[in-house]
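Only one structure is covered here, and it is reproduced in the block below.
Bear in mind these aren't lab numbers, they're just calculated from the coordinates by the rules spelled out. Quick caveat, the model's predicted, so the values are computed rather than measured. Cβ atoms come from the backbone with ideal geometry, glycine included; neighbour counts cover every protein chain shown.
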Amino acid sequence: MSVTWKDERRTLGELIPWQRNPRQIRQRNAERLVDSVQSFGQVEPLIVGPSNELYNGHQRLAVLMQAYGPEYAVDVRVASRELDEKEREKLTVYLHKGATGEFDLDALANNFELSELVDWGFEPFELGIGDFVIESADNNTKDDGSDDDDDGGDLKDLYGRWDVPDALWASDNDWGVPLLDINMQAKAFDQPWQIWGSVARTTRMAGTWLFYTTDDRYEALWRDPSGILNTSCVAAVEPNFSAYSNMPKAVALWQVYRKRWIAKWWQSYGVRVWVDLNVAQEHYDVNMLGIPSGWKAFATRGYSDRIDNTHMEYEQAKRIAGDDVTPLFLVYGGGKAVKAECQRMGWLWLQENMDTGKGLEV
């Protein structure tokens, strides 16, 4: 049966996304999408079915919802009948790949500025050029007095919250706490290191991130953990979501779930992980969920008045690492007493310094 279409209006909150939608969008493209709407308005309508099921426009829906909220009204094209799953699959591919035109690269090169094309969404490889061509063109437009710093200081975001999936990971427990990838555990303590939030989050930091800081930083990290990826780090300690002795077990389980989920997602992008052991003794059992047998890279927070707890955490690390295996055991902070104990035990100790990330001692 053929389909006819009519133009109507809907609020974003009325639209029902397709759970199997295969399209995705990166942070930089999402920002361009917002800029496009602000510059030109809504040029293309969203495509929906008679019951407001969304057929096309999922990325626009996500970006506009974030920017304007569920009451924001948009133009839609409404189908005269509901499409079945196979029709939705076919329409999605047709609209974005199978029945669309292609750019004439020669025409683009001859009539457009290359740097602007990249700013508007093209990747250099799509234009048949390298990054250095764009950089050279940009440098030629700088004032003579500009400071051309080539140390890789600040980064443009490569990833954003739109890249973070609503995902389930494989688990070894009944609670669904993600099972870490043992092949992506830290092999050594890669330098330099920083405490997350102690420097600008657009700073390149090709070492190790630690998260022994205040919990308010973790809430933002849970909403969007992509910032770590944009720093090009080698490794990260799991975020130390607090699990205090007076917390109900259910709350502690939620805290462990969140840090392990984030760590697992980072691993999927190539970041090596240190397992965080810094939880109250009452929650040691919960904190073991999702750590595979044979894991060897562990970190904790040192406290001069709780050195016995650090020893208990080291015993956990040894049990998980296995017989005749010496785990990598990192202790952050705690002062002279903790430092002395780390030296006696052969643990890696980091001096607490939230500004410079220096003070590595073994």
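Using the Cβ-Cβ distance between Ile182 and Glu53 with R0 set to 30 Å, the FRET efficiency works out to roughly 0.15. For region 239-248, 3J(HN,Hα) computed residue by residue from phi via the Karplus equation (6.51, -1.76, 1.60; θ = phi - 60°) reads x, 8, 4, 5, 10, 7, 5, 8, 7, x Hz, glycine and proline entered as x.
Across region 46-52, rounded Karplus estimates of 3J(HN,Hα) from the backbone phi angles (6.51 cos²θ - 1.76 cosθ + 1.60, θ = phi - 60°) give 7, 9, 9, x, x, 9, 6 Hz, Gly and Pro being marked x.
List the pairs from Lys97/Lys264; Lys187/Lys339; Lys264/Lys336; Lys86/Lys264 whose alpha-carbon separation is above 26 Å, in the order I gave them.
On the way: Lys97/Lys264 32 Å; Lys187/Lys339 22 Å; Lys264/Lys336 34 Å; Lys86/Lys264 33 Å.
In this structure, Lys97/Lys264; Lys264/Lys336; Lys86/Lys264 exceed 26 Å between Cα atoms.
Stretched out straight at 0.36 nm per residue, the stretch from Ala280 to Arg223 would grow longer than its current Cα-Cα span by 18.1 nm.
Considering only Phe298, Val271, Gln255, the residue lying farthest towards the positive end of the dipole of region 252-303 is Val271, judged by Cα position with unit charges set on Cβ. Once the C-beta distance of Arg204 and Arg81 is scaled by a Förster radius of 56 Å, the resulting FRET efficiency is 0.60 to the nearest 0.05.
If each residue's Cβ is checked for other Cβ atoms within 10 Å, how do Asp166, Asp172, Asp276 rank with the fewest at the top? Kindly include the intermediate steps, with their values, before the conclusion.
On the way: Asp166 5, Asp172 13, Asp276 26.
Least crowded to most crowded, the residues run Asp166, Asp172, Asp276.
Amide H to amide H distances under 5 Å link Asp75 with Leu46, where only residues 5 or more positions off or on other chains count and H is placed in the peptide plane.
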